[in-house]
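The values are calculated or read from the model by the stated rules, or taken from the named source; none is laboratory data. Model, not experiment: these values are computed from the prediction. In this analysis, Cβ positions are derived from the backbone assuming ideal geometry, glycine residues included, and neighbour counts consider all displayed protein chains. All accessible areas refer to the heavy atoms of the entire protein, side chains included, with ligands and DNA or RNA removed. Shrake-Rupley method; radii C 1.70, N 1.55, O 1.52, S 1.80 Å.
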Amino acid sequence: ISRPKYWQLNPFKSYVNATTYVHGKVDLQPEYSHNVSLTAILFGRLSISGGYAKTLNFNGMQVPKFDTETGSIGLVYDNSGTQDFTYAQVSLSEMPITKWWNLTLSASYRYSSFKAYPELQTGLQSGYTNKGGMFLGYAATTFFLPLNFKTGLSGYYTTGQNIGFYRADRLWTVNFFLNKTFLDGKLSLDFAVDDIFSSMNMNLKIYDQGHLSYAIDQINSMTSF
């Protein structure tokens, strides 16, 4: 069970631009998920897993509500429909390549299928459906240096994916860290740079019967330290 957050209940409009606004719903209901999964761990480092989840009263993404008379669109938190999610994943954790270098790798494939409740008023086709697959790859490497230093890189890449009413573009990122420990590991000093290339731009699109109805381009303007 996933209960609504405060901002999902806030009924007051917040304007993104002249024609787009966002607001919550005071009587938003919790979403319920039924999950089953199976995991096998081999040699202490290799894991293989798969699973299935079905979510009712899906409210994880805002519902687009088009007003064809004014041309405006509301992005409203609502109990929008059902979402089915199936995945398979293979992970290799902290595999030592040498005494001073290890590697973590993960790859997964996920397939989601969303169906909106027929009574939901959006301005899109009744009983809107959105389904498709997504591949995700993750890699992290750590180098152990003299004088209790260690450094490393991590990153991941995802193909486009479907979430509720939306189709998200591909995402990728690269991160860096440097760590120094003191007092036999009791004290540490860390420096990290996340999203070095400012590539984490979550761009969303809404397609209705094969036609692009709406697009949201979001630009990450700052790399975090």
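Here are the numbers for this structure:
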| item | result |
| --- | --- |
| Pairs, first closer than 19 Å to F149 by Cα in the range 185-198, second among the charged types (D, E, K, R), C-beta under 9 Å, six or more apart | S188/K180; L189/K180; D190/K180; F191/K180 |
| Residue check for V63: in contact (Cβ under 8 Å) with a residue 24 or more places away in the chain, touching a Lys or Arg at 6+ places or on another chain (Cβ under 7 Å) and either open to solvent by 50 Å² or more (accessible area, probe 1.4 Å) or of a type in the set (A, V, I, L, M) (or both) | no |
| Contacts under 7 angstrom Cβ, first residue in the range 139-156 being farther than 16 Å from I97 by Cβ and of a type in the set (D, E, K, R), partner surrounded by fewer than 16 Cβ atoms within 10 Å (Cβ to Cβ) and modelled with pLDDT of 95 or more, 6 or more apart | none |
| Evaluation of L183 against (1) of a type in the set (A, V, I, L, M, F, W, C); (2) farther than 30 Å from I73 by Cα; (3) modelled with pLDDT of 90 or more (one fails), failing number | (3) |
| Flag for V26 being at pLDDT 95 or above and either outside any strand (DSSP E or B) or open to solvent by 70 Å² or more (accessible area, probe 1.4 Å) (or both) | no |
| Selection within the range 150-187 - in a loop (DSSP other than H, G, I, E, B) and either closer than 14 Å to K205 by Cβ or open to solvent by less than 70 Å² (accessible area, probe 1.4 Å) (or both) | T159, G160, G164, F165, D169, R170, G185 |
| Residue match in the range 194-211 (condition: at pLDDT 90 or above, under 29 Å from P96 (Cβ atoms), part of a strand (DSSP E or B) and not polar (S, T, N, Q)) | yes |
| Sole residue being open to solvent by less than 20 Å² (accessible area, probe 1.4 Å) and of a type outside the set (F, W, Y), chosen from I41, I48, I73 | I73 |
| Selection within the range 68-120 - closer than 30 Å to L9 by Cβ and among the hydrophobic types (A, V, I, L, M, F, W, C) | I73, L75, V76, F85, F114, A116, L120 |
| Hits in the range 125-172 (condition: β-branched (V, I, T) and more than 17 Å from D208 (Cβ to Cβ)) | T141, T142, T151, T158, T159 |
| Residues located in the range 29-38, provided they are surrounded by fewer than 16 Cβ atoms within 10 Å (Cβ to Cβ), in contact with a Gly (Cβ under 8 Å, 6 or more places away or on another chain) and not small (G, A, S) | N35, V36, L38 |
| Selection from the range 98-112 of residues that are under 14 Å from L153 (Cβ atoms) and among the β-branched types (V, I, T) | T104 |
| Among (1) touching a Phe, Trp or Tyr at 6+ places or on another chain (Cβ under 8 Å); (2) open to solvent by 60 Å² or more (accessible area, probe 1.4 Å); (3) not in a strand (DSSP E or B) - the single one N17 does not satisfy | (1) |
| Residue in the range 125-135 that is touching a residue at least 40 places away in the same chain (Cβ under 8 Å) and farther than 27 Å from K205 by Cα present | no |
